Amino acid sequence: MSVLIKGMEMPKACYECRMYEADIYYCAAAERDIDISDSSVGRCSFCPLVPVPPHGRLIDADALEALFWDGQCYFTENIKYKIKNIETIIPAEEGEA
């Protein structure tokens, strides 16, 4: 499962990151040691952090679609079509559907 840390900006380098433990050159997010030469230049190649793009309200579109499942009129079919085709901001992870 992913975690969103509200208010945290994407670090440009490991040494700027809240997950970086400088005294032991360790990345808590990736749960592994960091080569100091990599971390001083930018983020390590194995960095698991990803930016969350600007977005509006996030909802469970599948649950919303299920509310309209019984209806067979044009109105509900049109809503289901729009829900299925709207942009996904944050995709489901493995095991989540």
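Remark: pairs (first residue in the stretch 43-69, within 14 Å of Thr88 (Cα to Cα) and part of a loop (DSSP other than H, G, I, E, B); second residue of a type outside the set (Asp, Glu) and modelled with pLDDT under 85; Cβ separation under 7 Å; 6+ apart in sequence or on different chains) = Val52/Leu4; Val52/Ile90; Pro53/Ile89; His55/Ile89; Leu58/Ile89; Leu58/Ile90. Within the stretch 41-62, the only residue that satisfies the criterion of being surrounded by 13 or more Cβ atoms within 10 Å (Cβ to Cβ) and of a type in the set (Lys, Arg) is Arg43. When the residues of the stretch 70-97 are filtered to those that are hydroxyl-bearing (Ser, Thr, Tyr) and part of a helix (DSSP H, G or I), the one that is modelled with the highest pLDDT is Tyr81.
Restricted to the stretch 30-42, and to residues there that are more than 24 Å from Ile90 (Cβ to Cβ) and of a type in the set (Asp, Glu), the residue that is modelled with the highest pLDDT is Asp33. Scanning the stretch 6-28 for residues that are of a type in the set (Ser, Thr, Tyr) and part of a strand (DSSP E or B) returns Tyr20, Tyr26.
The values are calculated or read from the model by the stated rules, or taken from the named source; none is laboratory data. In this text, all values refer to a predicted model and were calculated from it rather than measured experimentally. So basically every Cβ, Gly included, is an ideal-geometry build from the backbone, and we count neighbours across all protein chains shown.
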